[in-house]
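**Q** Just passing along the structure, written as structure tokens.
The values are calculated or read from the model by the stated rules, or taken from the named source; none is laboratory data. What you are looking at is a predicted structure, and each value in this text was computed from that prediction instead of being measured. Note that each Cβ is placed from the backbone with ideal geometry, even for glycine, and that neighbours are counted across all protein chains shown. Accessible surface areas use protein heavy atoms only, side chains included; no ligands, DNA or RNA. Shrake-Rupley method; radii C 1.70, N 1.55, O 1.52, S 1.80 Å.
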Amino acid sequence: MALRLPRDAASVPLIRQMLDGTLRSLGVDPQVRDDIELMLTEACANVIKHAEPSDNYTVSASVHDHLCVIKVVDAGNGFDARKVLDPEPEADHGRGIQIMRALADDIRFTNRREHGAVVCLEKHLRYTPGAAGQYLMAT
């Protein structure tokens, strides 16, 4: 699944609901779905807040080999994730990258010179007993 979305806060619940509905249909464990939803929310929120001058962004998600791979791609100026400072403990904002790192099984940040950034999040899937996904996605 891939969608090109406007860089607007209203796009976040839409993509979140679409991906969650797909994962629920496959029978992915609710805790794993919650982790994916939060990772996706943080990645999209960072694009909306920081990816100037971009007007839109793309989210793609795929499921294969019991792995969910999400890519959030913007057309902004890019950033260096290594230079993003951890927020102060009392700060109200600035924990998005920390949250993504804590929940993802793998995370990669790639800058495309003068063409924005790509955040790639990977999460291993667990299925509820008897779920269709565990048979459809078996390797």
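**Q** Just need a number here: residues in segment 43-76 that are open to solvent by 50 Å² or more (accessible area, probe 1.4 Å), touching a helix residue (DSSP H, G or I) at 6+ places or on another chain (Cβ under 9 Å) and either over 16 Å from residue 100 (Cβ atoms) or aromatic (Phe, Trp, Tyr) (or both).
**A** Within segment 43-76, residues that are open to solvent by 50 Å² or more (accessible area, probe 1.4 Å), touching a helix residue (DSSP H, G or I) at 6+ places or on another chain (Cβ under 9 Å) and either over 16 Å from residue 100 (Cβ atoms) or aromatic (Phe, Trp, Tyr) (or both) number 1.
**Q** Only residues that are open to solvent by 70 Å² or more (accessible area, probe 1.4 Å) and part of a strand (DSSP E or B): list them for segment 3-42, please.
**A** Listed by number, the residues that qualify are 4, 6.
**Q** OK, next. Looking at segment 48-67, I want the residues that are closer than 17 Å to residue 78 by Cβ and have a partner that is assigned to a loop (DSSP other than H, G, I, E, B) and open to solvent by 60 Å² or more (accessible area, probe 1.4 Å) with Cβ atoms under 6 Å, at least 6 apart or on another chain. Which pairs are those?
**A** Partner pairs satisfying both residue conditions: 48/9.
**Q** For residue 81, are the conditions met, namely being open to solvent by less than 40 Å² (accessible area, probe 1.4 Å), of a type outside the set (Ser, Thr, Tyr), modelled with pLDDT under 80 and touching a strand residue (DSSP E or B) at 6+ places or on another chain (Cβ under 6 Å)? Step through it out loud before you land on a result.
**A** Numbers: open to solvent by less than 40 Å² (accessible area, probe 1.4 Å): yes; of a type outside the set (Ser, Thr, Tyr): yes; modelled with pLDDT under 80: yes; touching a strand residue (DSSP E or B) at 6+ places or on another chain (Cβ under 6 Å): yes.
So residue 81 fits the description; yes.
**Q** Considering only residues that are open to solvent by less than 50 Å² (accessible area, probe 1.4 Å) and modelled with pLDDT of 95 or more, which ones fall in segment 91-106?
**A** Within segment 91-106, 103, 104 qualify.
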